[in-house]
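Notes to accompany the following structure.
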Amino acid sequence: MTTSNIQELSLKTAKKNLKTAQLYEDALKSGQAQLSDKGALVTYTGKKTGRSANDKFIVKDSLTEGLVDWGKINKPISEEAYASLKAELITYLSEKHLYTQDTIAGADPKTCVYVQVITESAFHALFIRNMLSAVNTNSALLSYGEEIIENYEPEYKIYHAPNYEADPKKHPELNSGTFILVNYSSREVLIAGTQYAGEVKKSVFGVLNFIYPQKGIMPMHCSANTNQQGEVSIFFGLSGTGKTTLSADPERLLIGDDEHGWSDEGVFNFEDGCYAKSIGLTAKTEPEIYHASRRFGATIENVKMNEDRSLDYFDKSITENGRISYPIYFIPNSKFDRFVRKQPKNLIMLTCDAFGVLPAVSKLSPEEASEHFRLGYTAKIPGTEMGIVEPEAVFSACFGAPFMPLPAKVYGDLLKDRIAKAKVNCWLVNTGWAGGAYGVGKRMAISLTRSIIHGINSGSLAKEKTIKHPILGLEVPESIEMPEESWKDAEAYKATAQKLLGLFAERK
């Protein structure tokens, strides 16, 4: 059986492009979700409270065989296995009440991608409506974030069946009953066996990460903001490094919190919404996200709801990966036009160095920036995961390896070329420890990091002379204290710095 001869799914009776209130009503009636005290739509995703990385596959065929970086992350599945699973999924969905959302990924109208999401879940239809630009064929009913397109023809389709599970005995290429299958030739994604909404969002990101480099566009797992003059700063960083916090600057406009493209014309957001972690959320620490989570239209996943329907953002009994989605305009200082038609001014790589050896900030050359980008370094600390008793280096190529189907070198070279062409200032900012490793030193003060980011954005740090670090080789602005100066034991610093350099060398 081939993909081409599988009977396509009839969408004649599907509920097409329902708006927020309509999707609320259906999600509540069907029992998919509950209503919080402030009006957000709350659901629980069962045993899958995060991405199912081991259940994601890419169809290996004549198109992808020589392009995809095959391995533990980008695992292959045969065309025959894909066709069989698609046939089963189409049969299953044909018996369900379906919702379709016609959406647009990418804020550049010249290169955006039309993505149609077909799902059995009203909750997930609302989620993707929050995350991407919605399409509206009736201007009289236009809502914020919608775009009018008379003849919408999807370029990619996502078939989403969270309540369906395959039989792994029948399909030995699968690892479980859950599957996320990407077929770049037929331009389809199949998602089944998981309620976690992030799978839909990240599948779109993966598609753009495959398409855009072939058009000379740099796709980035990053946040970005700008000032009123259009001077853009890009923030790369893995979880826990401060990417969302530091880019949410009240003095600047937020372009987006997660996924962007960088083209000859400028920087643009892939999405029209935000997908934020909720653990420990308070009005004091993250006021913008906190208030966004308490509005009608937000979706909440896996956050405990009290008897009075208030949300407990500190309860970890379900998961530490509670999530909130909301349209980006819920953030007061967000940028209405998510495309800044200027080349970025600053590129900031955030790392939480739990070894305590990196300077608070270093200025990088284009070659160094490309190298650190391909490394994607941060560190875990004891207590974050079972079995971690001392700082542990973590590397995720391109600061988003799970979502990058092409070899890291493709993205690294593209980034280096764009940095050099636009003469972007590049920085490595340590949001981790100083004065010693975790357990001995202290975490970098957020006030210090914010002042560094302010110095980067204002241009003052770029004007300073730099001093080359004798061990790390990094160029440190002269106003910044060298990291070893805050260590009590100079020899311990040297040994730890050499250890980190050794870990870097192993990954190159």
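Overview of results
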quantity	calculated
Residues satisfying the stated conditions in the stretch 59-72, i.e. closer than 17 Å to Gly400 by Cα and buried (at least 18 other Cβ atoms within 10 Å of the Cβ)	Val68
Matching residues in the stretch 180-200 - criterion: being more than 20 Å from the chain's Cα centre (by Cα) and among the hydrophobic types (A, V, I, L, M, F, W, C)	Ala192
Residue in the stretch 191-213 that is without any contact (Cβ under 8 Å) to a residue 40 or more places away in the chain and buried (at least 24 other Cβ atoms within 10 Å of the Cβ) present	yes
Qualifying residue in the stretch 130-138 (condition: surrounded by 24 or more Cβ atoms within 10 Å (Cβ to Cβ), touching a His at 6+ places or on another chain (Cβ under 9 Å) and not in a helix (DSSP H, G or I))	no
Test result for Leu350, modelled with pLDDT of 95 or more, buried (at least 23 other Cβ atoms within 10 Å of the Cβ), in a loop (DSSP other than H, G, I, E, B) and at negative phi	no
Leading residue by the ranking (modelled with the lowest pLDDT) among those in the stretch 425-440 that are of a type outside the set (Phe, Trp, Tyr) and buried (at least 21 other Cβ atoms within 10 Å of the Cβ)	Ala437
Count of the stretch 267-316 residues which are touching a residue at least 12 places away in the same chain (Cβ under 8 Å) and part of a strand (DSSP E or B)	14
Number of positions in the stretch 314-347 that are under 23 Å from Ala397 (Cβ atoms) and crowded, with 21+ Cβ neighbours inside 10 Å	2
Matching residues, the stretch 86-122, being among the polar types (S, T, N, Q), part of a strand (DSSP E or B) and crowded, with 22+ Cβ neighbours inside 10 Å	Gln101, Thr103, Thr119
Cβ pairs under 6 Å, 6+ apart, first in the stretch 220-243 and part of a helix (DSSP H, G or I), second surrounded by 18 or more Cβ atoms within 10 Å (Cβ to Cβ)	Lys243/Ser223; Lys243/Phe235; Lys243/Gly237; Lys243/Leu350
The stretch 179-220, residues that are closer than 30 Å to Pro344 by Cα and of a type in the set (S, T, N, Q)	Ser203, Asn209, Gln214
Residue satisfying all of: in the stretch 447-484; under 30 Å from Thr285 (Cα atoms) and in contact with a helix residue (DSSP H, G or I) (Cβ under 6 Å, 6 or more places away or on another chain); surrounded by the most Cβ atoms within 10 Å (Cβ to Cβ) among these	Ile453
All strands (runs of 3 or more DSSP E) inside the stretch 413-508 with 1 or more residues being among the basic types (Lys, Arg) and not assigned by TED's automatic domain parsing to the domain that holds Phe355	none
For Ile388: the one exception among (1) closer than 30 Å to Asp489 by Cβ; (2) modelled with pLDDT of 95 or more; (3) assigned to a loop (DSSP other than H, G, I, E, B)	(2)
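A quick yes/no check of all residues on (1) more than 30 Å from Ser233 (Cβ to Cβ); (2) out of contact with any strand residue (DSSP E or B) (no Cβ under 8 Å at 6 or more places or on another chain); (3) not in a loop (DSSP other than H, G, I, E, B):
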position: Phe127; (1), (2), (3): no, no, yes
position: Lys157; (1), (2), (3): yes, no, yes
position: Ala166; (1), (2), (3): yes, no, no
position: Ser185; (1), (2), (3): yes, no, no
position: Ile191; (1), (2), (3): yes, no, yes
position: Val207; (1), (2), (3): no, no, yes
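The values are calculated or read from the model by the stated rules, or taken from the named source; none is laboratory data. Because the structure is predicted, anything quoted here is derived from the model rather than measured. Here the Cβ is made from the backbone with ideal geometry for all residues, glycine too, and neighbour counts use every protein chain on show.
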